[in-house]
Amino acid sequence: MRITLLGTGDATGTPKIDCSCPTCKDALNGGQSERLRSAILVETEKGRVLIDTGPDLRYQLIREGITHVDGCIWTHSHYDHYAGFVEFHRIQKHVPVYGVTTTLDYILNYLHFLQPKRYDVRFHEPFELIGATFTLFEVSHPRLKDCAGMVIEENGKKVAITGDTRLEIPVESIEAMMGADLLIADAIAPPEIRLIKHMNAEEALEMARRTDAKSVIFTHISHLYPPHNKASLYNSTQPNDEYTPEKLHSPQKRADERWPLGYDRMKIRL
Ligand SMILES: [Zn+2]
Ligand SMILES: [Zn+2]
Ligand SMILES: [Zn+2]
């Protein structure tokens, strides 16, 4: 399978409106600090699925040349994870949408003028899509309830995505993520900043170690990190370059003053 990070930004995106910090300046100057809001593309030989559909989806689809998807899976009902669905719906009718019932109820109420094909799923009950197996599990993102992370398995490879969460989550969710070839983890801010709704960089690395992930990429990144080329271990500027898990950061290793920050359009082949 192939994973493309369409948007690695937090809810405000980078640059943030009315901010002139070095990271926002780098983003405005076209650097890799520019981050659109959450969306991940999963591709197999059988099709394409979007994980979350943030408000920047139109531009993300245009620049990746995507005109059709076989489904969208929503992790939770925050605006920065679903609002772009409207953009897509004008291109393709009746997109199958997946999520837990509370999430689908909220989002489809907001999108009441659309009629996507709805599939309610439950935590820990795997479902098949594009020849891959998807399993949602519960994470903790106060005060919203029923927020999901997920595991994707295909051809003996496993990817875990934390979704928006803090470090403390149910033990069954840790078990579901165990031993992933790649963990994509919410790491909104550097370690000196403590948060109640999200993990910081140190907590995200701790999550990778607890789940015995072979490699890790951070996402949902705010402008509070230094500019990308100073802060990240991943600096390819070619949008078509593909990483493999072996080329990614192992959470067991130390990396002084740099973190495994993903970037928009980053691609991983598993
Ligand atoms: Zn978010
Ligand atoms: Zn800033
Ligand atoms: Zn959220």
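Data for the structure
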| read-out | value |
| --- | --- |
| Test result for Ala201, away from ligand 1 (no atom under 16 Å from the Cβ), at pLDDT 95 or above, buried (at least 22 other Cβ atoms within 10 Å of the Cβ) and not polar (S, T, N, Q) | yes |
| Where a residue in region 134-151 is touching a residue at least 12 places away in the same chain (Cβ under 8 Å) and over 16 Å from Leu183 (Cα atoms) and its partner, wherever it lies, is buried (at least 18 other Cβ atoms within 10 Å of the Cβ) and of a type in the set (D, E, K, R), with Cβ under 6 Å and at least six apart | Ser140/Arg166; His141/Asp164 |
| Among (1) in contact with a Ser or Thr (Cβ under 7 Å, 6 or more places away or on another chain); (2) part of a strand (DSSP E or B) - the single one Lys158 does not satisfy | (1) |
| Selection within region 133-146 - crowded, with 21+ Cβ neighbours inside 10 Å, under 22 Å from Met1 (Cβ atoms) and in contact with an Asp or Glu (Cβ under 7 Å, 6 or more places away or on another chain) | Phe137 |
| Members of region 1-43 that are among the polar types (S, T, N, Q), more than 19 Å from His81 (Cβ to Cβ) and within 10 Å of ligand 2 (Cβ to nearest atom) | Ser20, Thr23, Ser33 |
| Filtered residue count, region 55-80, keeping only those that are touching a Gly at 6+ places or on another chain (Cβ under 6 Å) and under 15 Å from Tyr98 (Cα atoms) | 3 |
| Selection status of Ala208, under 24 Å from Leu270 (Cβ atoms), within 16 Å of ligand 3 (Cβ to nearest atom) and not in a loop (DSSP other than H, G, I, E, B) | no |
| Residues of region 170-186 satisfying the condition of being away from ligand 1 (no atom under 16 Å from the Cβ) and either among the aliphatic types (A, V, I, L, M) or outside any helix (DSSP H, G or I) (or both) | Pro170, Val171, Ile174, Ala176, Met177, Met178, Gly179, Ala180, Asp181, Leu182, Leu183 |
| Complete set of residues in region 187-205 that are away from ligand 3 (no atom under 14 Å from the Cβ) and either under 23 Å from Val42 (Cα atoms) or part of a helix (DSSP H, G or I) (or both) | Ala201, Glu202, Glu203, Ala204, Leu205 |
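The values are calculated or read from the model by the stated rules, or taken from the named source; none is laboratory data. Keep in mind that this is a model prediction, so the values were computed, not measured. Every residue, glycine as well, gets a Cβ built from its backbone with ideal geometry; the counts of neighbours run over all protein chains shown.
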